[in-house]
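Coordinate-derived values only; no laboratory data. The shown structure was predicted, so the numbers you read here are calculated from the model rather than taken from an experiment. Note: ideal-geometry Cβ built from the backbone for every residue, glycine included; neighbour counts use all protein chains shown.
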Amino acid sequence: MPLTVTDQITIADWELTEQFIRSSGPGGQNVNKVSTAVELRFEAARSPNLPEPVKNRLRRLAGRRWTKEGAVVIQVEETRSQARNREIARERLAELVQKALVVPKRRVKTKPTKGSVERRIKAKKERGEVKKLRGKVG
């Protein structure tokens with residue numbers, strides 16, 4: 001079942017690989033028997049559905065979760081239910097891709113106003129005078 005991120009972007013099944021592994025934490029005997037943790041792997045670098053700038057932002061946002069092969073790996077072992085962990089992993093991937101879709105605003109360089117520069121220098125001079133007065137009396 002393909003993962004729909006937005007109206008324009010859907011991630012196909014062949015781009016996602018799910019692996020179920022044993023989870024740590026509470027669960028009693030169930031923890032030793034059932035593989036409930038999910039490792040979701042998304043082949044982002046090879047994805048035809050994502051434009052290049054989005055892939056670059058996704059690489060930056062994913063951080064350690066981005067592999068050398070260009071895949072995003074998300075591990076979830078929050079609940080004891082394999083199905084719920086699978087849903088959570090898919091939701092997290094969708095959120096990550098949505099964040100990568102947002103184009104950051106360009107920073108506009110600004111200069112300090114002439115008045116603010118003058119006020120700063122005046123304050124520095126006054127502070128220097130106060131410090132000068134602390135010297136030895138001659």
Practice task
Answer with one residue from 29, 96, 17: the one whose Cα lies farthest towards the positive end of the charge dipole of the chain, charges on Cβ with Lys, Arg +1 and Asp, Glu -1.
Solution key: 96
Exercise for the section: Excluding residues fewer than 8 places away in the same chain, name every one of the lysines whose C-alpha is closer than 16 Å to that of residue 99. Expected result: 55
Handout entry: Helix 52-62 vs. the chain, principal-axis angle (Cα, 0 to 90°, nearest 10)
Key = 80 degrees
Handout entry: Between helix 114-132 and the chain: long-axis angle, C-alpha atoms, 0 to 90°, nearest 10
Key = 60 degrees
Problem - Label-to-label distance, nm, for residues given as residue 39 and residue 113 (7 Å Cα→Cβ offset) - result: 5.9 nm
Completion exercise
Taking r as the C-beta separation of residue 106 and residue 46 and R0 as 22 Å, the FRET efficiency to the nearest 0.05 is 0.15
Exercise for the section: Please give every one of the lysines within straight-line cross-link reach of residue 124, meaning a C-alpha to C-alpha distance under 27 Å, and leave out same-chain neighbours fewer than 8 residues apart. Expected result: 109, 111, 114, 132, 136
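Cβ neighbours within 10 Å, averaged per peptide: list 5-13, 41-49 in order, most packed at the top.
With the highest mean Cβ count within 10 Å placed first, the list reads 41-49, 5-13.
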